[in-house]
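Student: One structure, pasted below without further comment.
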Amino acid sequence: MLRCVLCATSVLLCVSVVIAFQRNFSTETQRVTEFHKEKSIAPQNVRQSFDPAAFYKPNCVECHGAAAEKRFNPESPEGQLIDAILNGATAEGSKDMPAFAQKGIDEAKAKLLINYMKSIRE
């Protein structure tokens with residue numbers, strides 16, 4: 001009789017441990033999956049909601065030209081280009097570049113815009 005009680009107790013203990021590990025593993029898997037989804041969704045949302053070509057035409061063509069051939073040096077450091085887009089820049093003998101941060105452009109959008117300008121210049 002004592003053997004049956006000990007055996008049943010051991011089985012119940014093993015089952016409860018297995019269930020606890022399964023629940024914890026499922027929760028951790030779900031957390032990791034949600035984290036990776038959040039990381040992968042953000043850049044896509046920026047790309048989907050911001051069209052650098054559509055932004056460039058009304059805001060940049062006048063000074064930089066249709067093929068980004070004027071007043072744009074693709075060899076400049078990216079940080080310098082981003083700063084000029086976000087905070088504006090002074091230009092000698094011509095119209096100053098406005099700050100686009102106050103017009104809804106952030107660093108991710110500025111990078112997309114720079115890549116677009118490099119691509120149309122080629």
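The values are calculated or read from the model by the stated rules, or taken from the named source; none is laboratory data. Everything numeric here is computed off the predicted structure, so don't read it as measured data. Cβ coordinates were reconstructed from backbone atoms using ideal geometry, including for glycine residues, and neighbour counts include every protein chain displayed.
Student: May I ask you to say which residue of 15, 32 is assigned to a helix (DSSP H, G or I), modelled with pLDDT of 65 or more and out of contact with any His (no Cβ under 9 Å at 6 or more places or on another chain)?
Tutor: Residue meeting the stated conditions: 15.
Student: Related question: Give just the number: which of (1) modelled with pLDDT of 95 or more; (2) surrounded by 12 or more Cβ atoms within 10 Å (Cβ to Cβ); (3) of a type in the set (A, V, I, L, M) does residue 97 not satisfy?
Tutor: Checking residue 97 against (1) modelled with pLDDT of 95 or more; (2) surrounded by 12 or more Cβ atoms within 10 Å (Cβ to Cβ); (3) of a type in the set (A, V, I, L, M), the one that fails is (1).
Student: Would you check if there is a residue in the range 80-91 being part of a loop (DSSP other than H, G, I, E, B) and either basic (Lys, Arg) or loosely packed, with under 15 Cβ neighbours inside 10 Å (or both)?
Tutor: Yes, that holds for at least one residue.
Student: Moving on to the next point. State which residue pairs qualify: first residue in contact (Cβ under 8 Å) with a residue 12 or more places away in the chain and more than 12 Å from residue 72 (Cβ to Cβ) and inside the range 102-122, second residue of a type in the set (Lys, Arg) and surrounded by fewer than 14 Cβ atoms within 10 Å (Cβ to Cβ) in any location, beta carbons under 8 Å apart, and separation of 6 or more residues or different chains.
Tutor: Partner pairs satisfying both residue conditions: 112/47.
Student: In the range 92-122, which residues are more than 14 Å from residue 51 (Cα to Cα), among the small types (Gly, Ala, Ser) and in a loop (DSSP other than H, G, I, E, B)?
Tutor: Within the range 92-122, 93, 94, 99 qualify.
Student: While we're looking at this one, here's another question. Mind checking which pairs have a first residue in the range 61-85 that is among the β-branched types (Val, Ile, Thr) and a second that is assigned to a loop (DSSP other than H, G, I, E, B), Cβ under 7 Å, 6 or more apart or different chains?
Tutor: The qualifying pairs are 85/100; 85/105.
Student: Looking at this structure, is residue 74 part of a loop (DSSP other than H, G, I, E, B) and out of contact with any strand residue (DSSP E or B) (no Cβ under 8 Å at 6 or more places or on another chain)?
Tutor: For residue 74, the condition - part of a loop (DSSP other than H, G, I, E, B) and out of contact with any strand residue (DSSP E or B) (no Cβ under 8 Å at 6 or more places or on another chain) - is met.
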